[in-house]
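Only one structure is covered here, and it is reproduced in the block below.
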Amino acid sequence: MIEKLHLAIAQATAPLEARHAERMRCARGCHACCVDELTVFAVEADLIQRHHAELLETEAPGPEGACAFLDADGACRIYAHRPYVCRTQGLPLRWVEEQDGEAVELRDICPLNAEGEPLAALEPADCWTLGAAEQHLARIQAAFEPETPQRRVALRALFKPSGS
Ligand code: SF4
């Protein structure tokens, strides 16, 4: 189920990446959004553990201050199985919040990708809208661990002590 969601996210973000190719500076080695305090739902941690058991047992986490999965070149060591939160970074993001009883649309983008057409001028369909995927992910986690439907795991905590 989690693999299906990741695939659906990849298919949904591909046209947005193409639409914004000129402004996006995201590339191997750019890791400004790969911060150290990321946590993921247990179901995404399980995906990483299943596919990268050897890495987690034999390799050391990256230095504190950035994501433990970055390698010395600033590339992600689990890229194919990176969590949802890593899959939409860099795109123009939009979400709706209730403020004083009214629904307000907010937008944001990585400062490295800010140059170009103003965010406010973009059509909603040209942004990644937060909400639906997060709800889908939460349902997958609830089905994965009904007793602890909110359980999250720090990415750095996935490394075995012997690998550090
Ligand atoms: S898992 Fe990979 S893409 Fe996500 S923050 Fe860590 S290094 Fe970056």
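The values are calculated or read from the model by the stated rules, or taken from the named source; none is laboratory data. Small disclaimer: the values here were computed from a predicted structure and weren't measured. All Cβ positions, even for glycine, are placed from backbone atoms using ideal geometry, and neighbour counts span all protein chains on display.
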request  = Mind listing whichever residues of the range 62-78 are within 14 Å of Val35 (Cβ to Cβ), touching a residue at least 24 places away in the same chain (Cβ under 8 Å) and not aromatic (Phe, Trp, Tyr)?
outcome  = Glu64, Gly65, Ala66, Cys67, Ala68, Leu70, Gly74, Cys76
query = If you check Leu91, Leu130, which single one turns out to be surrounded by 13 or more Cβ atoms within 10 Å (Cβ to Cβ), touching a helix residue (DSSP H, G or I) at 6+ places or on another chain (Cβ under 7 Å) and closer than 26 Å to Glu3 by Cα?
reply = Leu91
key: Residue selected from the range 49-95 under the condition near the ligand (Cβ under 8 Å from one of its atoms), of a type in the set (A, V, I, L, M) and over 19 Å from Leu112 (Cβ atoms), by the criterion nearest to the chain's Cα centre (by Cα)   = Ile78
note = Residue pairs qualifying under the 7 Å Cβ cut-off, at least six apart or on distinct chains, with the first in the range 41-58 being among the hydroxyl-bearing types (Ser, Thr, Tyr) and the second being surrounded by 17 or more Cβ atoms within 10 Å (Cβ to Cβ) and not in a helix (DSSP H, G or I), are none
key: Candidate set: the range 137-164, residues that are modelled with pLDDT under 95 and part of a loop (DSSP other than H, G, I, E, B); chosen: the one farthest from the chain's Cα centre (by Cα)   = Ser164
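Name the single residue, out of those in the range 97-115 being farther than 26 Å from Ala32 by Cβ and not acidic (Asp, Glu), that is surrounded by the fewest Cβ atoms within 10 Å (Cβ to Cβ).
Gly101
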